[in-house]
Ligand code: IMP
């Protein structure tokens, strides 16, 4: 029986977690998201049809599975309703199996306005402008935060929003932004609240009920280990705990309920937004970066921005594996490397005359390190139709085995295309 499993992005997000969650979901009873909000972008292709989800867990696409949006999330009610309406038009009904935590924090339009304004100045992070940072900042500040559960008492919600906006509107104006009308925003949000009501629950109690009944849970990570607020490439990170600790704080489940951690890593690396990226293909390698972007369709699901592309970085992966106690790897998009003469793996960083063996905490240092590469022969035959390990070209097998050796944990799955079926499951200890 599958243990409860956390599916974690091992890089800077966009690793293909949605596809891995979708593939694993049949073995689980419930799929839960613990953190982040509509900054996430999961694209799942089923029979040629693309489903792009931002706020809902990818598990919603599997009929009959219960899905939870946990207390650790920044919950945007408008996007939530848009996504459930879109799925309803495709015949996917979620009422009765999708639950939103009453402890989750409400993300309202003024959070997006703050996000937009702070991205205009110097020191921009390159955010998705979905209001994530301002919403979590309010949560930490407490006095300007509103939780989903507060929508259940309309009069109290109106009073609360009025007080919050009395504090926030002067700041919005001072930054050159648009102040929000307490009455209009309360009316608009309370209209949405009527539709939200059947989904809102005390999800902590619900999850503990399901744990008590032995239900198997899949915890769906959003963003990635290197975007974690504490352990990522700060300050160029998101504002939530994208790593394993976030599962516990973002859902109210104990650490021992997180049975296994499956880390998802692309066969190369991408990132969007600002921040250090040692293996980014720039300068003499710019053409390679362009090739990875074109072949891998590396454009943001949420913002459409071109992603920065580079080689696989084992120093970065080992750090993410250590922090999160990752048990095994799901490697995605191996097919994007098809046809290359040489494939590179970064096995060290050099800084001046020194060789670093661990991932630096400082953004300034990370920006200055130079990657040390190990070059492996590439493969000419396509991998896209491979469905078993033996179908992969020998050089592609060697690449996967080398990554496994360098990371010190098994590669459990290899994905070779966007479609649901384009996946090779490796038996334990096989590769
Ligand atoms: P925010 O989460 O919108 O505040 O953005 C902070 C940083 O995280 C930016 O570099 C974003 O590009 C990045 N980011 C946030 N969510 C995702 C995601 O789902 N995939 C990839 N990058 C993300």
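The values are calculated or read from the model by the stated rules, or taken from the named source; none is laboratory data. Everything numeric here is computed off the predicted structure, so don't read it as measured data. Neighbour counts are summed over all protein chains in view; Cβ atoms, including those assigned to glycine, are modelled from backbone coordinates with ideal geometry.
Confirm whether residue 86 is buried (at least 24 other Cβ atoms within 10 Å of the Cβ) and closer than 27 Å to residue 116 by Cα.
Considered against the rule, which asks whether it is buried (at least 24 other Cβ atoms within 10 Å of the Cβ) and closer than 27 Å to residue 116 by Cα, residue 86 comes out as no.
Among all positions in the stretch 225-247, there is at least one residue which is near the ligand (Cβ under 9 Å from one of its atoms), at pLDDT 95 or above and part of a helix (DSSP H, G or I). Of all residues in the stretch 279-298, those satisfying the criterion of being within 16 Å of the ligand (Cβ to nearest atom) and either buried (at least 19 other Cβ atoms within 10 Å of the Cβ) or closer than 24 Å to residue 235 by Cβ (or both) are 280, 292, 296, 298. Per this entry, residue 211 is not counted among residues that are part of a helix (DSSP H, G or I), touching a helix residue (DSSP H, G or I) at 6+ places or on another chain (Cβ under 8 Å) and more than 30 Å from residue 14 (Cα to Cα). Of the residues in the stretch 5-12, not one is surrounded by fewer than 24 Cβ atoms within 10 Å (Cβ to Cβ), in contact with a strand residue (DSSP E or B) (Cβ under 7 Å, 6 or more places away or on another chain) and assigned to a loop (DSSP other than H, G, I, E, B).
Kindly indicate which of 100, 45, 68 is within 25 Å of residue 299 (Cβ to Cβ), more than 16 Å from the ligand (Cβ to nearest atom) and in contact with a strand residue (DSSP E or B) (Cβ under 6 Å, 6 or more places away or on another chain).
Values: 100 fails: within 25 Å of residue 299 (Cβ to Cβ); 68 fails: within 25 Å of residue 299 (Cβ to Cβ).
Exactly one residue qualifies, and that residue is 45.
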